[in-house]
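Reading through the structure tokens given below for one structure.
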Amino acid sequence: MSKPGLPRMLADNEAQAILRNIRVSPRKLNLVAQLIRNRAAADAVATLTFSKRRIAQDVRKVLESAIANAENNHQLDVDRLYVSRAEVGRAMVMRRFQARGRGRASRVEKWFSHLKIVVAEREQQAEEGTA
């Protein structure tokens, strides 16, 4: 006898992908996440592909994973997907010391982040209204 499984936290038309402990500060990661929020999935992938920021390639991989999860695990239509949420959170902080003058030391903090991307399928009437 095992305990009952948790109910699904997302709606039926949503899928997600999570990447934990990314070696970039949450502030920098959030700048890239802002580029893709509330955009069509294909448009967001194109934006991240040509972004000059180093972390954009990792974010693109997570977004493609969320799209693949939506298609394969939840049978959602890829053409109607959009990025409903791109959440950035703080993870651990590595603390190092740098030698300074007169025998002192100063702390260097190396921040890590978590990234959660949720893609959702647009409703049919919403598409017809914009067309």
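The values are calculated or read from the model by the stated rules, or taken from the named source; none is laboratory data. Keep in mind that what you see is a predicted model, and the values were worked out from it rather than measured. Every residue, glycine as well, gets a Cβ built from its backbone with ideal geometry; the counts of neighbours run over all protein chains shown. Just so you know, the surface numbers come from the protein's heavy atoms only, side chains and all, with ligands and any DNA or RNA stripped out. Shrake-Rupley method; radii C 1.70, N 1.55, O 1.52, S 1.80 Å.
Each residue in segment 15-61 was checked for being small (Gly, Ala, Ser) and not in a helix (DSSP H, G or I), and 5 of them qualify. The number of residues in segment 89-106 that are on the phi > 0 side of the Ramachandran plot and surrounded by 10 or more Cβ atoms within 10 Å (Cβ to Cβ) comes to 0. Does GLN75 qualify as being farther than 17 Å from HIS114 by Cα, out of contact with any Phe, Trp or Tyr (no Cβ under 8 Å at 6 or more places or on another chain), open to solvent by 80 Å² or more (accessible area, probe 1.4 Å) and assigned to a strand (DSSP E or B)? Against the criterion (farther than 17 Å from HIS114 by Cα, out of contact with any Phe, Trp or Tyr (no Cβ under 8 Å at 6 or more places or on another chain), open to solvent by 80 Å² or more (accessible area, probe 1.4 Å) and assigned to a strand (DSSP E or B)), GLN75 does not qualify. Residue count for segment 11-30, restricted to those that are of a type outside the set (Val, Ile, Thr) and surrounded by 14 or more Cβ atoms within 10 Å (Cβ to Cβ): 11.
Pairs meeting the criteria (first residue in segment 77-103 and more than 24 Å from LEU31 (Cα to Cα), second residue charged (D, E, K, R) and open to solvent by less than 60 Å² (accessible area, probe 1.4 Å), beta carbons under 7 Å, at least 6 apart or on different chains) are ASP77/GLU121; ARG80/GLU121.
Tallying residues that are over 25 Å from ASN21 (Cα atoms) and either open to solvent by 80 Å² or more (accessible area, probe 1.4 Å) or in contact (Cβ under 8 Å) with a residue 24 or more places away in the chain (or both) within segment 43-64 yields 0.
Yes or no: segment 26-40 includes at least one residue that is without any contact (Cβ under 8 Å) to a residue 40 or more places away in the chain and within 15 Å of ALA120 (Cα to Cα). No, segment 26-40 contains no residue that is without any contact (Cβ under 8 Å) to a residue 40 or more places away in the chain and within 15 Å of ALA120 (Cα to Cα).
Condition (residue is in a strand (DSSP E or B) and touching a Ser or Thr at 6+ places or on another chain (Cβ under 9 Å)) applied to segment 7-14: is it met by at least one residue? Yes, segment 7-14 has at least one match. Annotation note: of ILE67, ILE36, the sole residue that is at pLDDT 95 or above, open to solvent by less than 100 Å² (accessible area, probe 1.4 Å), of a type outside the set (Asp, Glu) and over 11 Å from the mean Cα position of the chain (by Cα) is ILE67.
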